[in-house]
Amino acid sequence: MLVSLRGQAAKGRAPGWIADLSLQQRIVALVTLGIVTMLGLFVVLGTQALQQTTERILKERLVMAELVSRHIDQVLHEGTAQLEAIGQSDAIDLEDGDLEPEKRLLKEVHRQLTIFTYGFSLLDRQGNVLWTEPYDADAIGTSRQHYRHIQQSLETNTCSVSNLVMQRGVQWPIISLDCPIRDRRGEVSGTLEGSIDLTHPSIGGFVSPLALGETGYADLIDENGVVLASTLASRAFDTVDDHRDRLRVLIKEQRTTMGTCHSCHESGRSPAQDILVFAPLTAAHWGVAIRQSEMEALAPTRDLQYRVIMLGIGSLVVALFLAWLTTEGVLRPVRILTGAAESIASGNLAGAVPIRGTDEIGTLGRTFDTMRQRLKSSLEEIKGWNSELEARVLERSSELERKYRELSALNTIATTVSEPISLEVILERSLETVLDLTGADAGGIMMWDHETDSLVYRIHRGLSQSYLQGVAGLKPGEGIAGRAFQSGRPIVVDDLSEDPRLTRTVVRREGIGSFASIPLRARDEVLGVLNVASLGKRRFGPEDTSLFVAIGSQVGMAIENSRLLDEAAKVQAFRELDRLRSQLLSTVSHELRTPLSVIKGHATALLSRTGEHDERTQRRYLRIIDEESNRLTGLIDDLLDMSRIEAGALRLYKHPVSLVAVARKVAGRIRLQSRKHRFVQEFPADFPLVAADERRLEQVLQNLVENAVKYSPKGGRVQVWGTTAGDMVVVSVQDEGEGIRQQEQERVFEPFYRGESSATSTTRGTGLGLAICKGIVEAHGGRIWVESTVHVGSTFSFSLPVLTDCLQNQDESASSGIPDFAAGQASMDSPDGSPR
């Protein structure tokens with residue numbers, strides 16, 4: 001603006017008195033004129049906005065009232081239709097004198113139609129009560145002919161809805177739906193009455209949660225002005241609306257209305273204006289009225305209008321002051337700074353900002369240059385962050401890809417296991433999958449030969465004839481493979497080349513560097529071993545061991561399946577295995593699809609070259625990737641834990657553990673995730689310690705408490721308590737959920753089994769949690785069980801031995817699981833020094 005004014009002055013003087021004003025005076029005059037004009041415009045717009053807001057609020061309240069009225073209309077129409085259907089049933093015949101079919105029918109529909117909270121009444125043509133469901137001996141035989149809605153149904157042969165009526169045994173009024181019952185000639189022989197609680201979620205419960213501010217409320221009103229339901233609990237049943245005459249006309253004429261009214265006639269309120277909207281119902285002589293103080297409803301707009309005016313006045317004062325201080329000498333430094341800003345905006349951060357003088361403009365110039373330097377440094381730092389984030393994304397993507405390949409391998413082997421093919425083909429495909437996934441150079445599967453009482457290779461890859469001859473006729477306990485077969489535990493030697501005893505053995509000649517031997521289990525029997533060898537620098541790590549154990553379990557299942565296929569009497573077992581395979585594939589595929597899709601989508605967005613993301617977006621994407629990776633890792637850990645349990649390779653680190661502390665830790669963590677539940681812990685003060693793996697026990701309690709929360713979605717109490725029984729302690733977790741049917745209780749601890757309840761169908765899970773809990777508890781020498789009642793809740797309990805000799809228990813836990821491969825390696829080799 002300043003440059004434009006000076007350009008006009010250079011071309012020629014402005015006409016009249018404007019030409020006699022200084023540049024400073026011109027600036028002040030123009031700023032004043034502009035702000036006054038804007039202030040006046042804001043006032044006009046504010047007034048219009050107030051009017052429009054009033055109309056909008058009225059329309060919004062009317063839409064809300066119409067939605068509520070339509071919903072209640074629908075509920076009443078549905079209830080009426082249900083009563084009509086019941087009344088037309090062949091089971092209802094009031095002329096035959098036998099009420100047993102009617103009683104059975106009413107008992108059944110009372111259990112199914114939950115909207116009729118207080119049951120049904122069967123009346124004859126004179127309005128006398130023939131039967132009630134639930135049964136009420138005092139009500140049977142009484143006359144209800146004086147009720148208007150019953151007279152209407154009998155006289156007009158149509159269904160009717162009552163206003164408020166009182167029913168014996170009920171603390172507050174209710175409403176009733178009444179429909180005529182016709183005999184075979186089509187004449188009215190009686191009526192069927194259904195009683196509804198106005199506090200039901202479909203009626204009063206739908207009105208009460210409406211949020212209408214501090215002064216606003218919504219009422220469901222009948223034709224007498226009585227408030228049937230309200231967002232204010234104090235108005236329901238005991239209040240008669242002060243506009244009942246006007247509302248009665250609107251209900252009769254089925255008209256909606258919206259506008260304002262005086263509220264001074266209401267008790268305890270000062271004279272004011274209220275906004276009022278009303279929408280009638282069609283199913284009953286009722287309507288929905290919404291009222292709110294106009295002052296509260298329009299408070300934001302009026303406050304905004306006041307703020308705009310005050311802001312305009314303040315802006316005018318500040319602008320006049322700043323314009324008055326603007327001088328001719330400010331223009332040139334401003335142009336210099338403008339040029340520097342344009343240069344920086346174009347991406348040139350190398351050139352320094354020209355600094356002129358020591359006044360405020362000079363300070364601004366130095367500050368601007370400091371900002372340029374910091375911006376340059378920040379951009380360089382952001383580039384470094386981007387490089388680091390890209391590296392982390394690539395690292396995490398590589399890790400996820402590896403885990404996905406492992407799951408794919410397990411999936412492939414599981415598919416192979418379930419196919420009706422020969423055992424040789426299954427073993428060959430399994431071995432090829434192991435070698436391809438781990439990058440191992442050689443391997444094979446040895447099976448126990450009952451004829452020779454030795455281990456023989458059924459399938460092998462990459463092993464020379466001299467090696468195969470050296471291990472022919474291998475006995476249990478001989479070499480690494482024999483020891484693994486005998487002990488039933490996996491043995492992994494990460495570096496055989498460092499053992500000086502192998503200098504002249506077949507191992508040295510073959511160049512085997514790392515060797516793993518995994519038992520092939522089927523149920524409680526070891527059928528053979530899976531051998532994997534690396535001829536180069538490749539070394540097997542813990543993740544390889546876990547994968548070998550999982551694959552060994554699958555191959556053991558394959559061998560057992562082959563046996564089952566050969567025995568016609570065990571065909572049912574093969575079908576069960578096929579079902580488990582399908583369930584595994586379905587569960588794993590379903591559970592993997594969502595996290596992998598989310599990870600892939602966000603990783604692709606981060607690595608895309610076509611779009612740029614700021615630091616906050618990148619961190620949010622990485623956080624999502626991290627969360628979904630944790631979820632995927634949890635699924636993989638569950639699958640691997642299940643494989644270890646089935647293979648008998650679950651490793652425990654036992655030490656004295658306080659179950660009270662573990663329960664408190666788990667409940668405190670889950671309490672933060674669920675506000676609807678109340679957690680209670682009850683343990684004796686002298687509750688004994690147990691010798692256990694604390695992390696595994698925390699895993700068991702975490703799973704049981706999470707299930708208690710998950711399968712009681714309506715909330716309630718989740719109780720954890722402990723008792724002692726001889727030399728055992730018992731810990732129980734109880735919920736108030738849906739419960740488990742008796743025929744399902746014995747199967748809930750099976751892998752991948754999930755019940756058929758409504759809670760199960762809406763809750764995500766793999767069906768492995770309770771199976772893992774069972775394996776962990778039994779590995780500690782205890783047992784786990786469930787007691788449940790449908791619609792009451794479930795109690796899961798497990799027992800563990802009391803700690804008696806800590807050192808003895810620690811020695812036992814150290815001897816369980818995968819052995820220490822660094823110790824006793826000499827005993828892992830055969831007499832000639834070759835690994836078996």
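The values are calculated or read from the model by the stated rules, or taken from the named source; none is laboratory data. Just so you know, these numbers come straight off a predicted model, no measurement behind them. Glycine also receives a Cβ, built like all others from the backbone with ideal geometry; neighbour counts cover every protein chain displayed. To get the accessible areas, we keep the full protein, side chains included, count just its heavy atoms, and leave off ligands, DNA and RNA. Shrake-Rupley method; radii C 1.70, N 1.55, O 1.52, S 1.80 Å.
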* Rank-order 478-489, 533-544, 369-380 by packing density, defined as the average count of other C-beta atoms within 10 Å over each peptide's residues, highest first. => 478-489, 533-544, 369-380
* To do: Report the FRET efficiency, 1/(1 + (r/R0)^6), for VAL318 and ASN630, where r is their Cβ-Cβ distance and R0 is 51 Å, rounded to 0.05.
  => 0.45
* J(HN,Hα) series, segment 70-81, from Karplus relation 6.51 cos²θ - 1.76 cosθ + 1.60, nearest Hz, glycine and proline x -> 5, 5, 5, 4, 4, 4, 5, 5, 5, x, 5, 4
* To do: Express the carbon and sulfur contribution to the solvent-accessible surface of segment 616-723 as a percent, rounded to the nearest whole number, probe 1.4 angstrom.
  => 48
* Relative to the present Cα-Cα distance, how much length would full extension add between LEU41 and THR239 at 0.36 nm per residue of separation? -> 66.6 nm
* Scan around ILE459 for amide H atoms under 5 Å from its own, H built in the peptide plane at 1.01 Å from N, and keep only partners 5 or more places away or cross-chain. => ILE445
* Asked: Roughly how many nanometres apart are two label points built 7 Å out from the Cα toward the Cβ at SER466 and GLN745?
  -> 6.6
* Calculate one ³J(HN,Hα) per residue across segment 369-379 by plugging θ = phi - 60° into the Karplus curve 6.51 cos²θ - 1.76 cosθ + 1.60, and present them in order as whole Hz with x for glycine and proline. => 5, 4, 4, 4, 5, 5, 4, 4, 5, 5, 5
* Would you work out if segment 632-731 is rounded, prolate or oblate? Take a ≥ b ≥ c from the square roots of the eigenvalues of the alpha-carbon gyration tensor; rounded if a/c is under 1.5, else prolate when a/b is larger than b/c, oblate otherwise. => oblate
* Rounded to the nearest whole Å², what accessible area per residue is found for segment 449-495 with the 1.4 Å probe? -> 47
* How much length is gained if the chain between LEU164 and ARG111 is pulled fully straight, taking 0.36 nm per residue apart and subtracting their Cα-Cα distance, in nm to one decimal? -> 16.7 nm
* **Calculated FRET value between LEU50 and ARG616, using beta carbons and R₀ = 60 Å, to 0.05** => 0.95
* Surrounding net charge for PRO180, when Lys and Arg each add one and Asp and Glu each subtract one, Cβ distance under 10 Å -> -2
* **ALA139 paired with ARG366, simple spin-label distance in nm, labels 7 Å along Cα-to-beta-carbon** => 9.0
* To do: Pull up all non-local amide H partners of ARG144: gap of 5 or more, or a different chain, and H-to-H distance under 5 Å with H placed in the peptide plane.
  => ASN128, VAL129
* **Full-stretch length increase - LEU607, SER89 - with 0.36 nm per residue and alpha-carbon distance subtracted** => 179.9 nm
* Distance in nm between pseudo-label sites at ASP124 and GLU214 (7 Å out along the Cβ direction from Cα) -> 6.1
